[in-house]
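Written below as structure tokens is the structure these notes are about.
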Protein chains: 2
Amino acid sequence: MADTMAKPAKKSSRSSLKGRDRLMLVAMQLFAERGFDGVTVRDIAKAADVSVGLINHHFESKEGLRAAVDAHFLAETSKAIVRASRRLAVDDLESVADYHRTWIREYEAEWPSFAAYLRRAITENSEWGENLFREYYDSVSRMITRSDADGKIAEDADRLWLPLLYAFMLVGPLLLDPYIRNMLGKSTYDPEMWGRFQKALRQLFWFGAAPRDS
Amino acid sequence: MADTMAKPAKKSSRSSLKGRDRLMLVAMQLFAERGFDGVTVRDIAKAADVSVGLINHHFESKEGLRAAVDAHFLAETSKAIVRASRRLAVDDLESVADYHRTWIREYEAEWPSFAAYLRRAITENSEWGENLFREYYDSVSRMITRSDADGKIAEDADRLWLPLLYAFMLVGPLLLDPYIRNMLGKSTYDPEMWGRFQKALRQLFWFGAAPRDS
DNA sequence: GGAAAGACTGAACAACAGTTCAGTTTTCAT
DNA sequence: ATGAAAACTGAACTGTTGTTCAGTCTTTCC
């Protein structure tokens, strides 16, 4: 119902968007930054350069606005995941991780603070946060199952926890990005950082941290 | 300044606590369940069986109450971590994980929804959430460094990401507990679950998921 | 036992939240 | 061009929030 939100043009031509779309864009950013309760309808209206009444006109209520934004990004996420599983005929986990990161970075470019919104959705226990994590988990799980069928997984590995542990390591940077940025000075999704992270993740997942005496 | 909060007696003798302590206990639980903004001072006062005015009398403001609760648990956490690093003369990661879990379970028993409060503190970017994650990270990091000195870490392992990846897997169940409980039907910290999780974590961290052809 | 100090009450208050709605402007098919 | 539908406005309204404060009850210490 809320899929009519057009993508913003490359340059800052926000004003070219109609009120409804501008409201959703601005609301997403403000929710991401300050949380749903930390933003007033007047804040949103002002940032979107629109009157308060328009929010209720289009979305019925503030809660309705949140639902519309959520629905929009849930749809967008699902599309991305379907695209991913199609493109990733090769059943390797590295490309899952890479796709995950590419997708986030692309979005970040077009919708600033999209990652923060994702983060908030997952940690706020909203319904779509639940869906989101489940889709994350499923895509990882599928890949591991395939590898398993090919005999690439150790016999004594725990089939239940393996995908979850991988998911934790993949979602970790997303959920804890603010802290990591503080500690390392850079976001995990930075080009340089990502290479290292990706490599460390791959190595740990497949071979572990113990020295291999061959 | 807010360390005078007595531990509640075993049985539900909440009413034996004085107003100030009862307020902090109740506030912690409500904040954990509904978030800071999701709770009104009247909710807190009612749950603590106390008048609204008392909150401002003791804590000056609602924000002051939050600060007091945070300070109390930050102190408590630090104490637990110091205790841990003393007790854990043996430098193995398993006991870090076990200690982490024991500590949470013990607290859960005495302070219901303490884990949820922890979770919220970390995800809400509060100042003490930052401290908390850092202490987590540091204790893991120390252990790994020691193992490293003993030659127990592979030469080509990434020293920067290794402790972070481990921390992600350790904090994962805490942050994502609601989802995991939905998926597995049980909390990770349940006695049965923990054994399996702990084993899977150890195995993955040291030896990885690839089959070992010996 | 008495008085000062602190714990505690709750009605009153001011600020602010989300919503409403009568009215104005824009859009667009005919 | 015209008129109806949709987009849009913003002052007014209503309920809720955190805070205040004058006053009561309880504890404590000489």
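The values are calculated or read from the model by the stated rules, or taken from the named source; none is laboratory data. Not measured: the values here are computed from a predicted model. Glycine also receives a Cβ, built like all others from the backbone with ideal geometry; neighbour counts cover every protein chain displayed.
Numbers below:
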| item | result |
| --- | --- |
| Test: B:THR123 is of a type in the set (Ser, Thr, Tyr) and more than 17 Å from B:THR77 (Cα to Cα) | no |
| Answer from B:ASP138, B:ASP150 - the residue that is within 12 Å of chain A (Cβ to nearest Cβ) and either in contact (Cβ under 8 Å) with a residue 60 or more places away in the chain or closer than 23 Å to A:TRP194 by Cα (or both) | B:ASP138 |
| Condition broken by A:ALA97, with the remaining ones in (1) buried (at least 16 other Cβ atoms within 10 Å of the Cβ); (2) more than 14 Å from chain B (Cβ to nearest Cβ) satisfied | (2) |
| Answer residue from region B:49-78, given it is among the aliphatic types (A, V, I, L, M) and within 16 Å of DNA strand D (Cβ to nearest atom) and is farthest from A:VAL39 (Cα to Cα) among those | B:VAL50 |
| Region A:34-48, residues that are within 9 Å of DNA strand C (Cβ to nearest atom), assigned to a helix (DSSP H, G or I) and either more than 14 Å from chain B (Cβ to nearest Cβ) or at pLDDT 95 or above (or both) | A:VAL41, A:ARG42, A:ASP43, A:ILE44, A:ALA45 |
| Failed item, numbered, when A:ALA68 is tested on (1) more than 8 Å from DNA strand C (Cβ to nearest atom); (2) among the aliphatic types (A, V, I, L, M); (3) free of Cβ contacts under 8 Å to residues at least 12 places away in the same chain | (3) |
| Subset of region B:178-210 (residues that are more than 10 Å from chain A (Cβ to nearest Cβ), in a helix (DSSP H, G or I) and under 17 Å from A:ARG134 (Cα atoms)) | B:ARG181 |
| B:ALA116 more than 8 Å from every other protein chain (Cβ to nearest Cβ), assigned to a helix (DSSP H, G or I), over 16 Å from A:PRO163 (Cα atoms) and at pLDDT below 85 | no |
| Any hit, region A:159-166, residues being touching a residue at least 60 places away in the same chain (Cβ under 8 Å) and surrounded by fewer than 21 Cβ atoms within 10 Å (Cβ to Cβ) | no |
| Subset of region B:34-48 that is more than 7 Å from DNA strand D (Cβ to nearest atom) and out of contact with any helix residue (DSSP H, G or I) (no Cβ under 8 Å at 6 or more places or on another chain) - its residue that is nearest to B:ARG120 (Cα to Cα) | B:ARG34 |
| Output for region A:153-172, where each listed residue is at the interface with chain B (Cβ under 8 Å from one of its Cβ atoms) and part of a helix (DSSP H, G or I) | A:TRP161, A:LEU162, A:LEU164, A:LEU165, A:ALA167, A:PHE168, A:MET169, A:VAL171, A:GLY172 |
| Residues of region A:20-33 that turn out to be away from chain B (no Cβ under 14 Å), under 20 Å from A:TRP128 (Cα atoms) and out of contact with any Leu (no Cβ under 9 Å at 6 or more places or on another chain), as a count | 4 |
| Condition met for A:ILE81 (away from DNA strand D (no atom under 16 Å from the Cβ), more than 14 Å from chain B (Cβ to nearest Cβ) and not basic (Lys, Arg)) | yes |
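Residues checked against (1) without any contact (Cβ under 8 Å) to a residue 12 or more places away in the chain; (2) touching a helix residue (DSSP H, G or I) at 6+ places or on another chain (Cβ under 9 Å); (3) surrounded by 21 or more Cβ atoms within 10 Å (Cβ to Cβ); (4) part of a helix (DSSP H, G or I):
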site	(1), (2), (3), (4)
A:MET28	no, yes, yes, yes
A:ALA32	no, yes, yes, yes
A:VAL50	no, yes, no, no
A:HIS58	no, yes, no, yes
